[in-house]
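Here is the structure we will look at, set down as structure tokens.
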Ligand SMILES: Cc1ncc(COP(=O)(O)O)c(C=O)c1O
């Protein structure tokens with residue numbers, strides 16, 4: 001087709017599961033949705049709306065990296081959580097997704113590549129492609145609990161690699177980086193001149209205490225240029241407010257050069273709204289603790305319910321994990337992911353197949369742990385019945 005860029009030519013053909021879902025909905029059939037991960041639709045605490053109309057909300061003070069008051073409040077919040085960060089090393093963005101776009105512009109020439117974990121949330125390929133950047137997967141071995149194996153990273157790297165992306169904890173695998181994994185990765189990045197980009201949107205949602213867990217790379221003395229990304233979508237359950245951030249760290253000369261360049265880049269767009277920046281201090285102190293406590297109670301409760309629904313002789317397992325908003329099930333290879341999702345949809349339950357997340361090496365289903373407890377409980381009872389060997 002003439003007149004359009006190749007990079008905007010995304011496939012719009014629905015897959016068989018999406019088609020079956022449209023038919024299911026068109027027939028008005030009931031559905032228990034275990035793919036629901038929109039925090040504003042799960043009966044979780046919302047902030048007082050007055051917080052979102054702070055005095056001065058209609059003012060305009062263009063600040064490329066974000067308003068100093070917002071960056072200061074964010075630095076205080078992150079520092080209280082154990083990462084000693086300075087406001088001048090924080091950059092506000094309109095979302096974590098946008099932060100990736102800026103980093104790809106900052107770090108890559110068209111045709112360069114970044115290494116991305118597999119399995120992982122399918123976000124990076126589109127974001128990278130829109131910047132003319134390629135993604136090269138590195139495997140998170142299941143034998144290692146889907147943890148990072150630096151040999152896999154080294155094997156995926158080539159002369160055009162510019163950065164390694166990690167998702168900490170993994171989405172949907174729920175594995176946190178451990179100190180040893182981070183040390184090996186930061187060392188490899190420093191040796192090869194690569195940036196380390198750590199997506200920490202779920203980092204506040206640890207289900208248990210794990211020794212040697214890395215909650216964030218922000219504020220650490222690492223030998224490579226590092227970027228720690230997060231935002232209000234997951235930290236506060238408010239994706240609609242459009243506020244994300246990144247912390248820039250690593251050797252001072254690299255860090256300062258990155259910040260100076262990012263300032264130019266962000267000044268070109270100035271994408272972050274004034275009201276949300278002014279509201280940020282109050283959101284962080286008044287809303288975030290309440291929201292996060294409710295989410296943790298929800299996901300822990302739903303996960304417990306999932307284990308209760310699993311019969312002792314089940315042919316499926318809940319994959320061990322330590323945090324986040326999802327659960328991963330390992331299911332028999334036959335009839336496989338798509339057929340199982342279609343059978344579940346027939347029974348009125350929607351889940352995601354592992355191939356959406358590039359699992360490989362077996363068959364998997366992914367469930368959101370965010371739905372209301374009644375919905376979740378009813379859905380996992382159906383799931384256990386459909387997955388039972390005698391169901392067929
Ligand atoms: C791992 C991960 N990173 C980033 C995002 C996107 O966050 P944002 O809404 O801030 O763009 C998501 C969204 O689900 C995610 O799962």
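The values are calculated or read from the model by the stated rules, or taken from the named source; none is laboratory data. What you are looking at is a predicted structure, and each value in this text was computed from that prediction instead of being measured. Please note: Cβ atoms are built from the backbone with ideal geometry, for glycine as well, and neighbour counts cover all protein chains shown.
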Given (1) touching a strand residue (DSSP E or B) at 6+ places or on another chain (Cβ under 9 Å); (2) under 26 Å from residue 321 (Cα atoms), residue 237 misses just (1)
Do the conditions hold for residue 137, that is, is it within 24 Å of residue 191 (Cα to Cα), more than 15 Å from the chain's Cα centre (by Cα) and either within 16 Å of the ligand (Cβ to nearest atom) or surrounded by fewer than 20 Cβ atoms within 10 Å (Cβ to Cβ) (or both)? yes
For segment 350-389, which residues satisfy the criterion of being part of a helix (DSSP H, G or I), within 23 Å of the chain's Cα centre (by Cα) and farther than 17 Å from residue 315 by Cα? 355, 356, 357, 373, 376
Under 9 Å by Cβ, and 6 or more places apart or on different chains, what pairs join a residue from segment 340-354 that is in contact (Cβ under 8 Å) with a residue 12 or more places away in the chain and outside the structural domain of residue 35 (by TED's automatic domain parsing) with one that is in a loop (DSSP other than H, G, I, E, B) and buried (at least 23 other Cβ atoms within 10 Å of the Cβ)? none
Would you say residue 175 is assigned to a helix (DSSP H, G or I) and either within 16 Å of the ligand (Cβ to nearest atom) or crowded, with 23+ Cβ neighbours inside 10 Å (or both)? no
Going by the structure shown, is residue 255 modelled with pLDDT of 95 or more, more than 16 Å from the ligand (Cβ to nearest atom) and in contact with a strand residue (DSSP E or B) (Cβ under 8 Å, 6 or more places away or on another chain)? yes
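The rows are residues; the columns are (1) within 16 Å of the ligand (Cβ to nearest atom); (2) assigned to a helix (DSSP H, G or I); (3) surrounded by fewer than 19 Cβ atoms within 10 Å (Cβ to Cβ).
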position	(1), (2), (3)
152	no, yes, yes
164	yes, no, no
211	no, no, yes
224	no, no, no
227	yes, no, no
230	yes, no, no
